[in-house]
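To start, the structure under review is shown below, and the notes come after it.
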């Protein structure tokens, strides 16, 4: 069992890590569904990965926004950045995003609740 906690900012991330979360998920400045939230800057994202890894914890970054064609053009560069930072997984909800992540990195994929995986046939497909 893995205890996964959300983090809306760096302070909340540190609390989650220090109080027992095995992993923390967050959104960077792009491609997360919670665009109205205070998401992590690139610098904060790097600091978060370093902090979590120092404490033996994992960082998952959401890439679960509903992306249009123009958004997809920026995605490979961002995935490269996430790979360089050492994130432990990305959380996706779109087949196109999943494909781009596979093509441009070896970052593990986790399925977002936004993917509407509601039955065993869907789960088998995503697996």
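The values are calculated or read from the model by the stated rules, or taken from the named source; none is laboratory data. Owing to the predicted nature of the structure, the values given are computational and were not obtained by experimental measurement. As a convention, Cβ positions derive from the backbone with ideal geometry for all residues, glycine included, and neighbour counts pool all protein chains shown.
Checking residue 5 against (1) at pLDDT 95 or above; (2) farther than 24 Å from residue 102 by Cα; (3) touching a strand residue (DSSP E or B) at 6+ places or on another chain (Cβ under 9 Å); (4) not in a strand (DSSP E or B), only one condition comes out false. Which one?
(4)
Counting only residues that are within 19 Å of residue 4 (Cβ to Cβ) and either in contact (Cβ under 8 Å) with a residue 24 or more places away in the chain or over 14 Å from the mean Cα position of the chain (by Cα) (or both), give me the strands (runs of 3 or more DSSP E) lying completely in region 26-127 with at least 2 of them.
Because the criterion is at least 2 residues that are within 19 Å of residue 4 (Cβ to Cβ) and either in contact (Cβ under 8 Å) with a residue 24 or more places away in the chain or over 14 Å from the mean Cα position of the chain (by Cα) (or both), the strands (runs of 3 or more DSSP E) in region 26-127 that meet it are 58-63, 89-92.
Against the condition in contact with a helix residue (DSSP H, G or I) (Cβ under 7 Å, 6 or more places away or on another chain) and without any contact (Cβ under 8 Å) to a residue 60 or more places away in the chain, how does residue 15 come out, does it pass?
no
Kindly indicate the residue of region 23-50 that is surrounded by 15 or more Cβ atoms within 10 Å (Cβ to Cβ) and out of contact with any strand residue (DSSP E or B) (no Cβ under 9 Å at 6 or more places or on another chain) and also farthest from residue 112 (Cα to Cα) among those meeting that condition.
For region 23-50, the residue satisfying everything is 47.
Across region 63-90, which residue is surrounded by the most Cβ atoms within 10 Å (Cβ to Cβ) among those that are closer than 20 Å to residue 13 by Cα and modelled with pLDDT under 95?
The extreme case among them is 63.
Is it true that residue 20 is crowded, with 17+ Cβ neighbours inside 10 Å and either out of contact with any strand residue (DSSP E or B) (no Cβ under 6 Å at 6 or more places or on another chain) or within 21 Å of residue 114 (Cβ to Cβ) (or both)?
no
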